[in-house]
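J.: Take a look at this one; I'll ask things after.
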Amino acid sequence: MAARRPNIVFIMSDDHAAHAMSCYGSRINRTPNLDRIAGGGIRLDNCFCTNSICTPSRASILTGTYNHVNRVTTLSTHLDNTLLTFPKLLQQAGYQTAIFGKWHLGQGPEHCPTGFDDWAVVPGQGRYHNPEFFFRGPGGGTKRTVPGYATDVITDLSLDWLKQRDPERPFCLLCHHKAPHRPWYSDEKHAGMYLNEDIPEPETLLDDYQGRAAAAAAAEMRVGVHMTPTDLKCEIPAELPEAELRRWAYQRYIKDYLRVIASVDDNVGRLLDYLRDAGLEEDTMVVYTSDQGFFLGDHGWFDKRFMYEESLRMPFILRYPREVRPGGRNADLVLNVDFPSLFLDVAGVAIPASFQGRSFRSLLSGRTPSDWRQGMYYRYWMNKGQHNVFAHYGIRTLRYKLIYYYADGLEQPGAVADRSEPEWELFDLANDPHELNSVYHDPKHAGIVAELKDELHRLQVEVGDERYVLDVD
Ligand code: CA
C-alpha cells in the first residue's frame, strides 16, 4: 500500500521576527507553543525572504516565483489569481485545501483566493477586534463581521474547517494570522503582560546610521520619531531628545508587539492540541513562519523593507515526525520562493517548471545537496513609499552581504519616482553581525566586492531579473 500522503498545516503570521521567539533564543519573550514545533522538529537559521514586505512575500510563497515574475512588486500590486499556485496543485491532486485569515493580495473576482475548497480572508490588513472577513462566494466573496479577537477567530475558523473535513483525504490548511502587524492591539487576556517590567533593549536602539549609505539615515521608521499616537496608544511627548524618545517608545511598542504575539502562541497551541487529540501528529507537517522579519528597535527602527538581517530573516520552524527528527537545526540558505516546492514535494506532486524555488526536503533530514545555493538574491522595489526606504537589491552569502541602493521607482505602482544617488554597501557578517560598518570602500575588500558583483549579476540572470542594468561603482 502506498504511504499515506501527509497533511500540511501552514501557519504564517505577519511581521513576526525570529528574535521574538524563544526557540530562536529570544531575550525578550517566551513562546512555549511555537517551541513545541521547533523542539519536535527543526529550526531554520538562514531562511530569508526575497522582498521584505507583506504582499510581495505572500505572492512569492503562493506562486514560487520572484516578484518581477509574479508582478507583485509592492504593496500596491495585487496577485493575478489565475497564476499557478501550490494550493491549486494540491487541490488538483486530491487535497482538501483552505485558507483562513490574512490574504493581502487584493480583493474581488480577479484577486480573491483561488485553489481553495474553502476560505475566509480579512480585507487588506484586517482589524484586530471584531474583524470583517470575505467568506468564499461568488464575485470575490461575501463580507461579514465576526465578533472576537482576530487571532482567536482565525484559529476558530481553521479548527471548524478541520473538524468538518473528509478524514479519508489529506488536507492543506493555511492559517494566516493578521497579528502581529501594526498597530499591535492586544486582546484583554494579554493586556496586563509586562506592565511592571522593562524589556531588554536591542544593542543598536540608538544607532546613528554612520558608516552606511545614505538610505539608513533617510528611512522614516524610527521608534517614537515616526510612530503615531495610535501606534503607541498615547500622545507622544514632544519635548524628549531623540535618544530618550526612542527608549521610551521602544518599551511601549515592544510590549504591545509581544502581547499580540502571546495570543498567536496560545492559538498555535490550540491547533497543535487539536492535531494531537485527533491522532494527526505523525502524518501532519506543521510549519510556522512569518511573511518577513521585523525591526524590534534594532537600528532604532520598527517595520521591515531593508535587506538588513532582522528584516530579511524569516522564522521557519517545522515539525513532521514521520520524516524529521526532533531538535534539528539547519543553516543553509532557504528562501520564501522555496516553500511551495517543499509542500508539493512532500505531497508527492510534481513541481512545475514555473516555480523558481527548490524543495529543501533533504535539508530537513540533514542532507544538504552539494549544489545547494551559496548566495541569495533580494530586491525591494517600493522606492521611498511609506517609510522612505530606497529601492535596493543585493546578494547575501553565508558570510557577506552586498547591497545596491539604486533608489529609483522604475514606474512601479506604489513606488516614488524621485531618484537618489545610487550607493553600495558591503557587510562582513562574521565581523560585523549588526551591520554597522559598510566596508564597501575599504580597499582590502575590493576582491570580495568584485566576486559578489559577478555573483549578484549571475543570480539576476538566473532568476530573469535583468531589466535594471548594474551601475559600475
Ligand atoms: Ca508582513
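J.: Considering only residues that are within 16 Å of the ligand (Cβ to nearest atom) and assigned to a loop (DSSP other than H, G, I, E, B), which ones fall in region 1-31? So that I can check it myself, show each step before the final result.
T.: Start the filter on region 1-31 by keeping residues that are within 16 Å of the ligand (Cβ to nearest atom), which leaves 10-21.
Across region 1-31, the qualifying residues are 14, 15, 16, 17, 21.
J.: For region 402-439, which residues satisfy the criterion of being part of a loop (DSSP other than H, G, I, E, B) and aromatic (Phe, Trp, Tyr)? It would help to see each step written out before you state the result.
T.: The first filter runs over region 402-439 and keeps only residues part of a loop (DSSP other than H, G, I, E, B), leaving 406-422, 429-439.
Correct list: 406 only.
J.: Tell me the residue from 343, 355, 306, 339 that is closer than 25 Å to residue 71 by Cβ and open to solvent by 10 Å² or more (accessible area, probe 1.4 Å), please.
T.: Working: 343 fails: open to solvent by 10 Å² or more (accessible area, probe 1.4 Å); 306 fails: open to solvent by 10 Å² or more (accessible area, probe 1.4 Å); 339 fails: open to solvent by 10 Å² or more (accessible area, probe 1.4 Å).
The unique qualifying residue is 355.
Residue-by-condition table, conditions (1) at pLDDT below 95; (2) farther than 20 Å from residue 132 by Cβ; (3) open to solvent by 20 Å² or more (accessible area, probe 1.4 Å):
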residue	(1), (2), (3)
69	no, yes, yes
72	no, yes, no
75	no, no, yes
78	no, no, yes
85	no, yes, no
90	no, yes, no
100	no, no, no
106	no, no, no
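J.: Next up: Residue 68 is checked against (1) over 21 Å from residue 327 (Cβ atoms); (2) part of a loop (DSSP other than H, G, I, E, B); (3) not aliphatic (A, V, I, L, M) and fails just one. What number does that condition carry?
T.: With respect to (1) over 21 Å from residue 327 (Cβ atoms); (2) part of a loop (DSSP other than H, G, I, E, B); (3) not aliphatic (A, V, I, L, M), residue 68 is out only on (2).
J.: In this structure, does residue 306 turn out to be in contact with a helix residue (DSSP H, G or I) (Cβ under 6 Å, 6 or more places away or on another chain), within 15 Å of the ligand (Cβ to nearest atom) and among the aromatic types (Phe, Trp, Tyr)? Give the derivation first.
T.: Details: in contact with a helix residue (DSSP H, G or I) (Cβ under 6 Å, 6 or more places away or on another chain): no; within 15 Å of the ligand (Cβ to nearest atom): yes; among the aromatic types (Phe, Trp, Tyr): yes.
So residue 306 does not fit the description; no.
J.: OK, next. Go through (1) surrounded by 21 or more Cβ atoms within 10 Å (Cβ to Cβ); (2) at pLDDT below 95 one by one and return the number of the condition residue 138 breaks.
T.: Condition (1) is where residue 138 drops out.
J.: Can residue 41 be described as more than 20 Å from residue 108 (Cβ to Cβ), under 18 Å from the mean Cα position of the chain (by Cα) and among the small types (Gly, Ala, Ser)?
T.: Details: more than 20 Å from residue 108 (Cβ to Cβ): yes; under 18 Å from the mean Cα position of the chain (by Cα): no; among the small types (Gly, Ala, Ser): yes.
Answer is no for this residue.
J.: Is it the case that residue 417 is without any contact (Cβ under 8 Å) to a residue 40 or more places away in the chain and farther than 29 Å from residue 19 by Cβ? Outline the logic, then answer.
T.: Numbers: without any contact (Cβ under 8 Å) to a residue 40 or more places away in the chain: yes; farther than 29 Å from residue 19 by Cβ: yes.
Criteria met by residue 417.
J.: Here's something else I'd like to know. Given the criterion within 16 Å of the ligand (Cβ to nearest atom), buried (at least 20 other Cβ atoms within 10 Å of the Cβ) and touching a residue at least 60 places away in the same chain (Cβ under 8 Å), identify the matching residue among 271, 318, 296, 258. Before the answer, list the steps.
T.: Details: 271 fails: within 16 Å of the ligand (Cβ to nearest atom); 318 fails: within 16 Å of the ligand (Cβ to nearest atom); 258 fails: within 16 Å of the ligand (Cβ to nearest atom).
Exactly one residue qualifies, and that residue is 296.
J.: Being open to solvent by 50 Å² or more (accessible area, probe 1.4 Å) and in contact with a Pro (Cβ under 6 Å, 6 or more places away or on another chain) is the filter here, so list the residues in region 227-241 that pass it.
T.: The answer is 230, 235.
J.: If we keep just the residues of region 36-53 that are surrounded by 19 or more Cβ atoms within 10 Å (Cβ to Cβ) and closer than 29 Å to residue 169 by Cα, which is farthest from the ligand (Cβ to nearest atom)?
T.: Taking region 36-53 first, the residues surrounded by 19 or more Cβ atoms within 10 Å (Cβ to Cβ) are 36-38, 40-44, 47-53.
Those left that are additionally closer than 29 Å to residue 169 by Cα: 36-38, 40-43.
Numbers: 36: 24, 37: 20, 38: 21, 40: 26, 41: 24, 42: 23, 43: 20 Å.
In this case the residue turns out to be 40.
J.: Of the conditions (1) touching a Pro at 6+ places or on another chain (Cβ under 6 Å); (2) open to solvent by less than 30 Å² (accessible area, probe 1.4 Å), residue 130 fails just one. Which one is it?
T.: If we test residue 130 against (1) touching a Pro at 6+ places or on another chain (Cβ under 6 Å); (2) open to solvent by less than 30 Å² (accessible area, probe 1.4 Å), just (2) comes out false.
J.: Name the single residue, out of those in region 358-384 being farther than 16 Å from residue 47 by Cα and surrounded by 20 or more Cβ atoms within 10 Å (Cβ to Cβ), that is nearest to the chain's Cα centre (by Cα).
T.: 380
J.: Failed condition for residue 390, given (1) in a loop (DSSP other than H, G, I, E, B); (2) of a type in the set (Phe, Trp, Tyr); (3) within 30 Å of residue 347 (Cα to Cα), with all others met?
T.: (3)
The values are calculated or read from the model by the stated rules, or taken from the named source; none is laboratory data. The model shown is predicted, which means the values in this text are computed figures rather than measured ones. Cβ coordinates were reconstructed from backbone atoms using ideal geometry, including for glycine residues, and neighbour counts include every protein chain displayed. In case anyone asks, the SASA skips ligands and DNA or RNA and just uses the protein heavy atoms, side chains included. Shrake-Rupley method; radii C 1.70, N 1.55, O 1.52, S 1.80 Å.
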